[in-house]
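One structure is given below, encoded as structure tokens.
Here, each number is a calculation from the coordinates, and none is a lab measurement. Just so we're clear, the structure is a prediction, and the values are computed from it rather than from any experiment. Here Cβ is always computed from backbone atoms with ideal geometry, including for glycine, and neighbour counts include all displayed protein chains.
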Amino acid sequence: MSNIVLARKYRPQNFQEVVGQQHVTKTLANSLKLGIYSPAYLFSGPRGVGKTTMARLLAKALNCVKSPQICNECPACREITSGSSLDVLEIDGASNRGIDEVRALRDNVKFAPSTLRHKVYIIDEAHQITGAAFNALLKTLEEPPAYITFILATTEPHKIPATILSRCQHYNFHLLTIDQIIGTLKDILTREKIIFSEDALREIAKAARGSMRDALSLCDQAIVFSNRNITYQAVSDLLGLLPQEAFYQIVENIAQQENKKNLQIIEKIVNDGYDLIQFSQGLVDIFRAMLLISLGVENPELTAEQKIHLANLSKNFNPAQLIRILQILTRTLDELHWTTNQQILLEISLVRIAEPYAAITELLKRLESPAPSTTKTQQIPAQPTFSQPAESEKSETAALSGDYFRLWEELLKILGQKRNYTLIQIVRQVNPVSFVNNTLKVICPGKFTYDGIIRNQSTIEQLLKEISRQDIKISPEQKSLVKPIETTSAPKPVTAEKTPEPELELTGGIPTEEENTAPDLVAPSEAVKKVLNYFPGKIKSENKLK
Ligand SMILES: [Zn+2]
């Protein structure tokens, strides 16, 4: 059978046919009706949501004999639809990013349109254009001939220089909702006389993650794959979806702290050839859905059956726990893209999620406050508090206040993009703990990491500057080593008061079963009891100073 390319066949031919983006279509259509034109437009937003389509529609609206309407019948409309017009030029910013290309474009601008009224330049991926080339373009934008319109399309508007931005009418495109995508797919498939189930379309819409282009291309594949009968099973096979039950089982195991069972599931998933990134994304979706349920927010991605199931599962977690789990999982998802051993990374994350965990910053904060009474137990929040700086850190730079943890994550991301795996290994082990006077204090778990950070300090600072556009210094510190002390006296019976859960991972590792349940070998002295108030743990031995 012939390969249908739905995205091309059903590309919107006028503003009314565009799905979603009403805020753009309405404003554009109205301003054209009022005769308000801009020599330059900037269309920004995620990929596959209709920026280039909208640019072509704008070109038609400017040139149609019924302008600002689009008739789709006049020669201008037909030329633009077929892509044969010499006056509507689509330029790929990625391959024409240099100053020479932009100069050639500038020379071309001088010539009046050959057949149409308006000459329209659509520059896709405009953020790829170099700084010098943007400067050359700016001259044209400052005094454009009346017959010229530029439309810049980009996924990264923050990379467009402010001088260019200020000369553009800026429209920000949104991701499409699941319902918008399903609605469009239903409409198109009905017109194509293809059988489908709504569950199947929901999975396609979810996998497309807000991009209509991706949804249509998945639909193309599903039509061929399923022989024009798009069932849930067909889509599930096509997308390599794990059965929903596998996800429910993992969540239940996390709630019961059944690490062993979860590691067995991961092993099976790997052996069955499933993609771990896709699996992790599925897990993120599940926990996000549970968070929304626990906050009472409506989620159109779920079927009625899924809602009931997830509502039950979410009773095992409070919102703070779900947020912590999502933080760990999204970070893992990011790291999975560049790690050489996905399985280990995912296993560590799942175990971490299931383990009670206290943030070291919380303990450090308590060290600075007056000593707590030795008899009163104190609760440690089970949630990392990196994004909530302590009182003493109030002098942080406003823009970055509380965001230094994210800054560190951005750094990891950039290192991943640059494939600097050695530095990733070092940076990943380091924890940012405070950000004062543009200095980011980071704690290194050992000498190796500390030396690594010192060696790469200028590289890291340069990258932090690229991310934040601020001069940021890093101040690495080595975490003091916690070593068990040799004992000379015989072990005494246990009299220590039980320390509150959760326990701190002093060594940065995961406490083993044995460490968690073994009783203290030595009765602690008063001084040690005080230490225990800050650092809950087990005492293996104690050595008195003479
Ligand atoms: Zn027309």
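Between Ser95 and Val528, the modelled labels are 7.2 nm apart [label points 7 Å from Cα along Cα→Cβ].
Hey, how much of the P(r) for region 244-354 falls beyond 24 Å, as a percent of Cα pairs? Could you put the intermediate results ahead of the total?
Values: 1213 of 6105 pairs.
When all Cα pairs of region 244-354 are counted, 20 percent exceed 24 Å.
Separation of region 185-251 and region 59-130, taken as the distance between their Cα centroids, equals 36 angstrom.
Scaling the Cα radius of gyration of region 178-239 by the globular reference 2.2 N^0.38 Å produces a ratio of 0.93. Around the amide H of Leu440, modelled in the peptide plane, lie the amide H atoms of Lys473, Ile474, Ser475, all under 5 Å away and 5 or more residues distant in sequence or on another chain. For region 84-197, the dipole from Cβ point charges (+1 on Lys and Arg, -1 on Asp and Glu) about the Cα centre works out to 200 debye, to the nearest 20.
For region 94-162, applying the loop criterion from DSSP together with a ceiling of 10 other beta carbons within 10 Å to the trypsin sites (Lys or Arg not before Pro) yields Lys110. Structural size metrics of region 21-172, computed from C-alpha coordinates, are Rg and Dmax of 14.4, 41 Å.
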